[in-house]
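A short write-up of the structure that comes next.
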Amino acid sequence: MCFADEAGQGLRPPKARTWSRRGATPVVRVSGKGSGRISLAAMVCCRPAARTRLVYRMLVRHPHRRGEKTGFKESDLAALLDAAHQQLGRRPVVLVWDNSTQHTDRAVRELLGKRRWLTVFRLPSYAPDPNPAEGVWAHLKKSLANLASCSTDQLAAHTRTRLKRMQDRPALLDGFIAGTGLVLTSLQAPP
């Protein structure tokens, strides 16, 4: 079972609280240059008797570059699905994602129909509570808080590092699933 979601991050960092000496308010200086942005798509994948995995893709959008992708297209979503299928041992995949308009258009429906190993369930349009991928984004944004990146490439490098750290912590990913309140049990036949 795979839970998928998309997110993005700009050069302006998320705000967070921090410690400082009394009377010395810390200031994070952010360059006003550019409007670069990174777009992210991730899947939290779990199956019985296997460690939970995080599969993600990132698109970097630099400011003032014409013809550059502005977000995930159908081919990018297909690459993410195929990568998850490969990492899960080419077994059938149950995909759970929101009912966003980009997930319901004709091109995506055709793309999903070509993958016989894929079964899709949709959450309501905006339902962050039952989706563990939202926990990934919350954890990522918290780790990027007050980090003033100078360029989109630097932001992408920081983001990639933090996502790779999450990939190496299956217990953290299990915590994102537990945080949704979902109880995933294996459907095994009794002995």
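Note on A50 and A83: their simple-model spin labels are 1.7 nm apart, each label 7 Å out from Cα toward Cβ. Our coupling estimate for segment 43-50, obtained by passing each phi through the Karplus curve with A = 6.51, B = -1.76, C = 1.60 and θ = phi - 60°, is 10, 9, 10, 9, 8, x, 6, 9 Hz, Gly and Pro reported as x. For the pair S20 and S151, a Förster radius of 25 Å applied to the C-beta separation gives a FRET efficiency near 0.40, rounded to the nearest 0.05. From least to most packed, judged by other beta carbons within 10 angstrom and beginning with the fewest, V183, V44, V93 follow the order V183, V93, V44. Mind giving me the FRET efficiency for T119 and K142? R0 is 25 Å, r the Cβ-Cβ distance, nearest 0.05 is fine. Taking R0 as 25 Å, the efficiency between T119 and K142 is 0.15.
A short reminder: the numbers here are calculations on the coordinates, not readings from a lab. The shown structure was predicted, so the numbers you read here are calculated from the model rather than taken from an experiment. Virtual Cβ from ideal backbone geometry, glycine too; neighbours counted across all protein chains shown.
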